[in-house]
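Rule-based calculations on the coordinates, nothing more; no lab input. Since this is a predicted model, take the numbers as computed values, not measurements. Here the Cβ positions follow ideal geometry from the backbone for every residue, glycine too, while neighbour counts run over all protein chains shown.
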Amino acid sequence: MSARGHTLWLTGLSGAGKTTTANALCDVLRRAGAAVVVIDGDALRAGLSSDLGFSAGDRDENVRRAGEIALLLNTQGVVTIVSLISPRTEARRAVRARHIENELSFAEIYLATPLSVCEARDPKALYKRARAGEQQHMTGVDDPYEAPEQAEITVSTELLAPEVLAEDISRRLGLL
């Protein structure tokens with residue numbers, strides 16, 4: 001594993017397996033000798049982005065903040081795995097553009113797990129609350145998710161174990 005940084009941006013619906021896949025990727029890459037950090041959307045919302053709501057503008061700002069952290073870590077040779085719904089194409093494009101401007105590696109990984117599977121998993125009962133009308137701005141229910149059109153990698157966590165996905169993603173990106 002080289003000392004070159006990379007940003008691996010995992011996007012998908014809530015329950016798609018972003019955090020689980022990110023943690024499995026982290027384990028695989030650390031075993032290969034990489035310096036790795038995971039930036040998780042829930043952790044961001046609990047701290048750095050606790051001042052943001054769920055409007056389109058606030059969601060874009062959350063994505064921007066995550067992107068800037070990833071960019072800074074990437075410049076230091078850290079593989080940065082961002083696990084974030086990041087529902088809007090334009091916000092993800094802006095993060096990619098910042099990486100390109102700085103000649104840094106960026107790969108978008110779309111976890112294209114079907115909504116029905118995400119809802120069946122529903123680890124935080126978010127879909128249940130949204131369907132009951134108790135929660136607004138739920139991506140995939142009453143707020144749109146704009147799927148990436150040109151992600152470097154598109155996978156579904158529906159049938160493959162996170163460890164298998166992590167090995168596959170790492171190899172496909174040339175990180176192993």
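What the table shows:
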| item | result |
| --- | --- |
| Spin-label pair Ala125/Arg171, simplified geometry with 7 Å Cα→Cβ offset, distance in nm | 4.1 nm |
| Helix 18-31 axis, angle to the chain major axis (alpha carbon atoms, nearest 10°) | 20 degrees |
| Order of Ile100, Ile153, Ile169, Ile81 - criterion: other Cβ atoms within 10 Å of each residue's Cβ, fewest first | Ile100, Ile153, Ile169, Ile81 |
| FRET efficiency, 1/(1 + (r/R0)^6) with R0 25 Å, evaluated for Ala147 and Arg4 via beta carbons | 0.30 |
| Cα gyration tensor shape for the range 34-81, rounded if a/c is under 1.5, else prolate or oblate | prolate |
| Charge dipole of the chain about the Cα centre (unit charges at C-beta), most positive-ward option of Ala56, Tyr127, Asn23 | Asn23 |
| Euclidean distance between Cα centres, the range 47-69 to the range 129-154, Å | 16 Å |
| ³J(HN,Hα) computed for each position of the range 125-133 - Karplus, 6.51 cos²θ - 1.76 cosθ + 1.60, integer Hz, glycine/proline x | 6, 5, 5, 4, 5, 5, 5, 7, x |
| For Ser116, Ser86, order by how many other beta-carbon atoms lie within 10 Å, fewest first | Ser116, Ser86 |
| Under the Karplus curve 6.51 cos²θ - 1.76 cosθ + 1.60, θ = phi - 60°, whole-Hz ³J(HN,Hα) for the range 165-171, x wherever Gly or Pro sits | 4, 4, 4, 4, 4, 4, 5 |
| Contour minus Cα-Cα distance for Arg93 and Glu158 (0.36 nm per residue) | 20.8 nm |
| Student exercise, the chain dipole from Lys, Arg, Asp, Glu Cβ charges, in Debye to nearest 20 | 280 debye |
| Long-range amide H partners of Val82 with built H, under 5 Å | Leu8, Trp9, Leu10, Ile39 |
| Relative contact order, percent, the chain [alpha-carbon distance under 8 Å, six or more residues apart] | 35 percent |
| The chain: calculated mean residue ellipticity at 222 nm from DSSP helix runs of at least 4, using -39500 (n - 2.57) | -13000 deg cm²/dmol |
